[in-house]
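To start, the structure itself, in structure tokens.
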Protein chains: 2
Amino acid sequence: MKNNVIEKVVSAILSALPEGKKFYSLHEPSFEGNEWKYVKECLDTGWVSSVGKFVDEFEKKLAEFTGAKIAVAAVNGTSALQICLKLIGVSNGDEVLTSALTFVATSNAISYCGGIPHFVDSDFSTLGICTKKLRGYLKDITEIKNNECINKITGNRIKAIVPMHVFGHPVDMDPLIEIADEFHIVVVEDAAESLGSYYKGRHTGTIGKIAALSFNGNKTITTGGGGAIITNDIELGKLAKHLTTTAKVAHKWEYFHDMCGYNFRLPNICAALGCAQLEQLPAFLDNKRKLAEKYRKAFEGVPEVSFFTEPSYGKSNYWLNTIVLKEDFISLRDELLEKTNSMGIQTRPAWCLNSSLPMYQNCPKMILSTAEILEKSLINIPSSQNLFQKL
Amino acid sequence: MKNNVIEKVVSAILSALPEGKKFYSLHEPSFEGNEWKYVKECLDTGWVSSVGKFVDEFEKKLAEFTGAKIAVAAVNGTSALQICLKLIGVSNGDEVLTSALTFVATSNAISYCGGIPHFVDSDFSTLGICTKKLRGYLKDITEIKNNECINKITGNRIKAIVPMHVFGHPVDMDPLIEIADEFHIVVVEDAAESLGSYYKGRHTGTIGKIAALSFNGNKTITTGGGGAIITNDIELGKLAKHLTTTAKVAHKWEYFHDMCGYNFRLPNICAALGCAQLEQLPAFLDNKRKLAEKYRKAFEGVPEVSFFTEPSYGKSNYWLNTIVLKEDFISLRDELLEKTNSMGIQTRPAWCLNSSLPMYQNCPKMILSTAEILEKSLINIPSSQNLFQKL
């Protein structure tokens, strides 16, 4: 029976994919537009680095696409998130609430600011932070003093909460914002995986105070390496620009810096790629959603697993398509990973819970029962936009 | 008389430069080799990001060129320096000695590790750390306890010293290493500006424990944005690679990270540029040294300023050619900057001393009399390799 389930899963995956490929990667970039034209323009003009028109253009187009009032390109998503947290005031000893089920960059960015990740549980229906558990938990362990949320157990301030839109699926933001307001906690969205995902019509990353996006090579669009900060708070956005460009005060020749800034500006050559990729983003998203729909249908015939679909309140970019092994079949995970990868179908499990990594294992956390089950039962399957084939 | 001096300086600069250009930039990149070919290969294969052959190749070639046992590419020079300091153990409250006369990134990288920059004076003959003043100063203010150097005034540990090879001119490393050994301080070289510069036959950055290089757009070679860590300590180098690539433990599919790592890997598309640039580096260096020689001769006729030449013990890449206004003519600096920049000859002063920047003004420091004079009297003049014209 075990083998039978594995065969059924493999068949379902393959039935949604184009035939005859030797290797189906989890997520690979496609360069089918103006990438070479724009990159060549950088080389021809010599503007490859920190000066050049593509950075400005990329930022402008990104703001337009997401509906954010301002976008600031950065060297990668981790650095972008670090700056977001810095800007809203996370400093030494502050706790920052976030999912245990996230890529390690979320916790690392908190650490870079001197903050302490404080892990909260996930929700089966969204894969993101469970807002139902969150309120009760905060009621139990915190008190408000001088408009700040204090963890009564550790004595630390809880400064921020970082909802991460896991695999592109939007977190349920309305109750999360409500709780954050009630407890005087700032919302910083980790939208690294959710470019093109919407919550009740609003682009992910534009709902909290400020957010980070990522354009790493495995993302929906790529700039080689890259990320961005988006926000509707123009002053905060301007400060993000200042902080990411060494905090140099504009002057004809003087090198005067008024803060401890960062060298996080996106190189122009990477922004050139980004401009070309953004032009294709609507088509990429369309293909990705159609591929997800193929998978959804294919897995209707496999009751041992469920194909994870977007929550009803939102629209997902289906960055990484995900199947969830039902309780009785969780033990098949590693065998399934072994089988698919050996066949050239690239698959992977979710990340190890951040709360179990050596450097974060002593951080504060709530009971993470859902996250622990999700960690064991999720498998990502091939998701590149070019795997959807029009008939 | 004042106008006369300004005219003479402008004439001397122009006499070394090719005629008839509207704008002589301080330092611009040249893409005359395989840049297009390698970058196009990245786009054609889709390997633009964190995986791809150019990163490995760039690291290998960089190690070969510098003679370092291992090189690790990074997202920029600031990040590379941060990792160097982290690796040798700089942590919260440690002091790190460095020049006040340096780009702000040196002090920022120290800060990112929780360290406190401790500023030391410069040497007129090298522009780098004055080793003569350093020994006496450390004798006065420090004591050795359990093989650690303690600042008696602040009570902090002095963990490291960061000599910065200013404008490409090598610091006098032998006495510096001797003092560092005597006081149990680790030497981390900031070789951001000195790719192709040598101290007694050894490449800068290979003399201390570990070093950072930069390939920003204004550097001798560029990768768009980029940097590298070089060291002769292979174990330290391997740890640098691990730390700069999110400290992920190699596994077929698992996402397990054993340290708080960084997302500092150089994108493959940037490394592709770097491979092409490295091939041209010997020719670039040759041109830059010949341009410097032209300037040196041209300024023989201008006794009011001196053209800064490499110290006798070393060989400089002449990254930024530099003139020094003699004492009586320091007051002309801003006028000279104004005049040259208005004519399309891009010039700039040295950086504001880091010790005078708002975020570092309360850091410990020795009397910085030489650095203060240098700050007021240095001017960088156009230095791109393509400004040397063969006859």
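None of the figures in this text is laboratory data; all of them are computed from the coordinates on show. Everything quoted here is computed from the prediction, not taken from an experiment. Cβ: placed from backbone, ideal geometry, glycine included. Neighbour counts: every protein chain shown.
Of note:
- With a 10 Å cut-off around each Cβ of B:244-257, the average count of Cβ atoms from other chains is 5.
- Its relative contact order, with pairs defined as Cα atoms under 8 Å and 6+ residues apart, puts chain A at 25 percent.
- Taking the helices alone, the protein assembly as shown has a mean residue ellipticity at 222 nm of -11500 deg cm²/dmol, built from -39,500 (n - 2.57) per DSSP H run of at least 4 residues and averaged over all its residues.
- Estimated translational D of the stretch A:280-319 in µm²/s (Stokes, Kirkwood radius over Cα pairs; 4 °C; 1.567 mPa s): 118 µm²/s
- Neighbouring partner chain Cβ atoms per residue of A:214-225, average, 10 Å criterion: 5
- Under a Gaussian network description of chain B, with springs only between Cα atoms under 10 Å, the residue in B:Ile83, B:Ile13, B:Ile210 that fluctuates furthest is B:Ile13.
- Sorted largest first, the spans of the alpha carbon positions of the protein assembly as shown along the three principal axes are 90, 58, 45 Å.
- Relative contact order (%) - the stretch B:203-322, alpha-carbon pairs under 8 angstrom, separation at least six: 19 percent
- Max mean-square fluctuation residue, GNM over chain B, Cα-Cα springs under 10 Å, options B:Asn218, B:Asn92, B:Asn232: B:Asn92
- Shortest-first distances to equivalent copies, position B:Ile330, nm, label 7 Å out along Cβ: 7.2
- For the stretch A:179-296, the equivalent ellipsoid derived from the Cα gyration tensor has semi-axes of 30, 22, 10 Å, listed largest first.
- Cα-based shape type of the stretch B:132-206, given that a ≥ b ≥ c are square roots of the gyration tensor eigenvalues and the cut on a/c is 1.5: prolate
- Restricted to Cα atoms, the stretch B:35-278 shows a radius of gyration and a Dmax of 18.2, 61 angstrom.
- Inter-chain Cβ neighbour average for residues A:105-115, partner chain, 10 Å: 2
- Taking only the Cα atoms of the stretch B:195-254, the radius of gyration and Dmax are 14.5, 48 Å.
- Inter-centroid distance (Cα atoms) of the stretch B:191-268 relative to the stretch A:273-349, Å: 36 Å
- Shown for A:Lys61: label points 7 Å from Cα along the beta-carbon vector, and their distances to the equivalent points in the other copies, 2.9 nm in ascending order.
- Given B:Lys61/B:Lys159; A:Lys22/B:Lys238; A:Lys86/A:Lys248; B:Lys145/B:Lys209, the pairs whose alpha carbons are separated by over 28 Å: B:Lys61/B:Lys159; A:Lys22/B:Lys238
- Computed from backbone phi with θ = phi - 60° and the Karplus coefficients 6.51, -1.76 and 1.60, the 3J(HN,Hα) list for the stretch A:166-171 is 5, 6, x, 7, x, 5 Hz; x is used for glycine and proline.
- Label separation (B:Ile373 vs A:Phe124): 7.7 nm, computed from points 7 Å beyond Cα along the C-beta direction.
- Computed over Cα pairs, the Kirkwood radius of the stretch A:73-174 leads via Stokes-Einstein (0.890 mPa s, 25 °C) to a diffusion coefficient of 174 µm² per second.
- For chain B, complete DSSP H runs whose alpha carbons reach 18 Å or more along their own long axis and whose mean Kyte-Doolittle score is -1.0 or higher are B:2-16, B:53-66, B:268-299.
- Spherically averaged projected area of the convex hull of Cα atoms, the stretch B:283-364: 8.2 nm².
- Sequence-distant residues sharing a close amide H with B:Ser197 (under 5 Å, placed H): B:Thr204, B:Asn317
- Shape of the stretch B:14-72, Cα gyration tensor, a/c cut at 1.5: oblate
- GNM remark for chain A: springs join alpha carbons under 10 Å apart, and the peak mean-square fluctuation among A:Lys297, A:Lys326, A:Lys21 falls on A:Lys21.
- Rg in Å to one decimal, and Dmax rounded to a whole Å, for the stretch A:241-391 via C-alpha atoms: 21.7, 68
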